[in-house]
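Student: Encoded as structure tokens, here's the structure I'll be asking about.
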């Protein structure tokens, strides 16, 4: 890994004078993040398919890894559908400009709350009021949340790398309690190819990893991604649905 190699090189070479050490925040890494954020905000509709890996930490400190798939369809400013499927749990989340709905197909229930008028406000309400985390939510808020930039304490450019058929530049960032890496497409649109988020708050440092494949050409019809409950689905309270988020199925 480039970061490991860099650490080993530092340990085995004579320290350079302080005035020649690279800055903790590389301006080019920050500029790349800004370009990616701007590109994301120009997208009026998009679809993303992601292969994701999540780690959880047991009480004894052992890390357990799970794989899953996330399918995201978005029509700005006020519609999305997120389907997250794994062996342990399947959830679908819908937003139509008025209502946010979470559906558990395997359990046969759904729940909803009255939502604000924009995607960003709805994500914030889901997180702060109901502790509901929408998968790949960063793809919505990059470029709109100005505090993201201010929270960065370290930023560095790693190197260009291949992600599937794409050439993507690898960047690494650090902020309080979180290290994160992003690989940005070097093609026509500087969109993220891969994301790695590491929780440094936990001594075991669990990671979330997502490889992203974009479809920018197929229009997203809000009516086609609206929630229609199955006839046998049961409606429950949003509080109960939020409490069940950590459970399987």
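Student: In the range 106-120, how many are surrounded by fewer than 17 Cβ atoms within 10 Å (Cβ to Cβ) and over 16 Å from residue 237 (Cα atoms)? Lay out the reasoning, then the answer.
Tutor: Narrowing the range 106-120 to residues surrounded by fewer than 17 Cβ atoms within 10 Å (Cβ to Cβ): 106, 108, 114, 116-118, 120.
Those left that are additionally over 16 Å from residue 237 (Cα atoms): 106, 116-118, 120.
Residues meeting the conditions: 5.
Student: If you don't mind, there's one more thing I want to ask. Of the residues that sit in the range 69-101 and are within 26 Å of residue 53 (Cα to Cα), in contact (Cβ under 8 Å) with a residue 60 or more places away in the chain and more than 18 Å from the chain's Cα centre (by Cα), which one is surrounded by the fewest Cβ atoms within 10 Å (Cβ to Cβ)?
Tutor: Result: 88.
Student: Give the range 191-208 a look and list any residue that's touching a residue at least 24 places away in the same chain (Cβ under 8 Å) and under 16 Å from the mean Cα position of the chain (by Cα), or say none.
Tutor: Those that are touching a residue at least 24 places away in the same chain (Cβ under 8 Å) and under 16 Å from the mean Cα position of the chain (by Cα): 191, 192, 193, 194, 195, 206, 207, 208.
Residues are listed down the side, and each one gets a yes or a no for (1) surrounded by fewer than 14 Cβ atoms within 10 Å (Cβ to Cβ); (2) more than 23 Å from residue 69 (Cα to Cα); (3) at pLDDT 95 or above:
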position	(1), (2), (3)
146	yes, yes, no
171	no, yes, yes
193	no, no, yes
207	no, no, yes
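Student: Then there is this: I'd like to know if the range 229-241 contains one or more residues that are out of contact with any strand residue (DSSP E or B) (no Cβ under 8 Å at 6 or more places or on another chain), exposed (fewer than 13 other Cβ atoms within 10 Å of the Cβ) and closer than 19 Å to residue 43 by Cβ.
Tutor: Taking every residue of the range 229-241 in turn, none turns out to be out of contact with any strand residue (DSSP E or B) (no Cβ under 8 Å at 6 or more places or on another chain), exposed (fewer than 13 other Cβ atoms within 10 Å of the Cβ) and closer than 19 Å to residue 43 by Cβ.
Student: Return the residue satisfying two criteria in turn: it lies in the range 121-132 and is within 19 Å of residue 197 (Cβ to Cβ) and either touching a residue at least 24 places away in the same chain (Cβ under 8 Å) or in contact with a strand residue (DSSP E or B) (Cβ under 7 Å, 6 or more places away or on another chain) (or both), and of such residues it is surrounded by the most Cβ atoms within 10 Å (Cβ to Cβ).
Tutor: Once the filter is applied, the top-ranked residue is 126.
Student: Please determine, by comparing only the residues of the range 180-190 that are free of Cβ contacts under 8 Å to residues at least 24 places away in the same chain and surrounded by 17 or more Cβ atoms within 10 Å (Cβ to Cβ), which one is farthest from residue 135 (Cα to Cα). Break it down into steps so the answer makes sense when it comes.
Tutor: Here is the first cut: in the range 180-190, the residues free of Cβ contacts under 8 Å to residues at least 24 places away in the same chain are 180-181, 183, 185, 187-188.
Going one step further and asking which of them are surrounded by 17 or more Cβ atoms within 10 Å (Cβ to Cβ), we end up with 180-181, 183, 185.
Working: 180: 16, 181: 17, 183: 18, 185: 21 Å.
My answer is 185.
Student: Being assigned to a helix (DSSP H, G or I) and either in contact with a strand residue (DSSP E or B) (Cβ under 7 Å, 6 or more places away or on another chain) or crowded, with 17+ Cβ neighbours inside 10 Å (or both) is true for just one of 52, 39, 31. Which residue is that?
Tutor: From the options 52, 39, 31, the qualifying one is 39.
Student: Of the residues 240, 245, only one is part of a helix (DSSP H, G or I) and within 30 Å of residue 149 (Cβ to Cβ); which?
Tutor: Working: 240 fails: within 30 Å of residue 149 (Cβ to Cβ).
The conditions single out 245.
Student: Let me ask something else. Out of (1) in contact (Cβ under 8 Å) with a residue 24 or more places away in the chain; (2) in a loop (DSSP other than H, G, I, E, B); (3) over 18 Å from residue 224 (Cα atoms), the odd one out for residue 112 is which?
Tutor: With (1) in contact (Cβ under 8 Å) with a residue 24 or more places away in the chain; (2) in a loop (DSSP other than H, G, I, E, B); (3) over 18 Å from residue 224 (Cα atoms) applied to residue 112, the lone miss is (2).
Student: Could you give me the residue pairs with C-beta distances under 6 Å whose first residue belongs to the range 159-170 and is under 19 Å from residue 35 (Cα atoms), whose second residue is modelled with pLDDT of 95 or more and outside any strand (DSSP E or B) wherever it lies, and which are 6+ apart or on separate chains?
Tutor: Every condition considered, the pairs that remain are 167/186; 169/186.
Student: Between 219, 135, which is buried (at least 17 other Cβ atoms within 10 Å of the Cβ) and part of a loop (DSSP other than H, G, I, E, B)? I'd like the intermediate steps shown before the answer.
Tutor: On the way: 219 fails: buried (at least 17 other Cβ atoms within 10 Å of the Cβ).
Result: 135 is the single residue among 219, 135 that is buried (at least 17 other Cβ atoms within 10 Å of the Cβ) and part of a loop (DSSP other than H, G, I, E, B).
Student: Going through the range 55-68 one residue at a time, which ones are free of Cβ contacts under 8 Å to residues at least 24 places away in the same chain and either in contact with a strand residue (DSSP E or B) (Cβ under 9 Å, 6 or more places away or on another chain) or not in a loop (DSSP other than H, G, I, E, B) (or both)?
Tutor: 58, 64, 65, 66, 67, 68
The values are calculated or read from the model by the stated rules, or taken from the named source; none is laboratory data. What you are looking at is a predicted structure, and each value in this text was computed from that prediction instead of being measured. Glycine also receives a Cβ, built like all others from the backbone with ideal geometry; neighbour counts cover every protein chain displayed.
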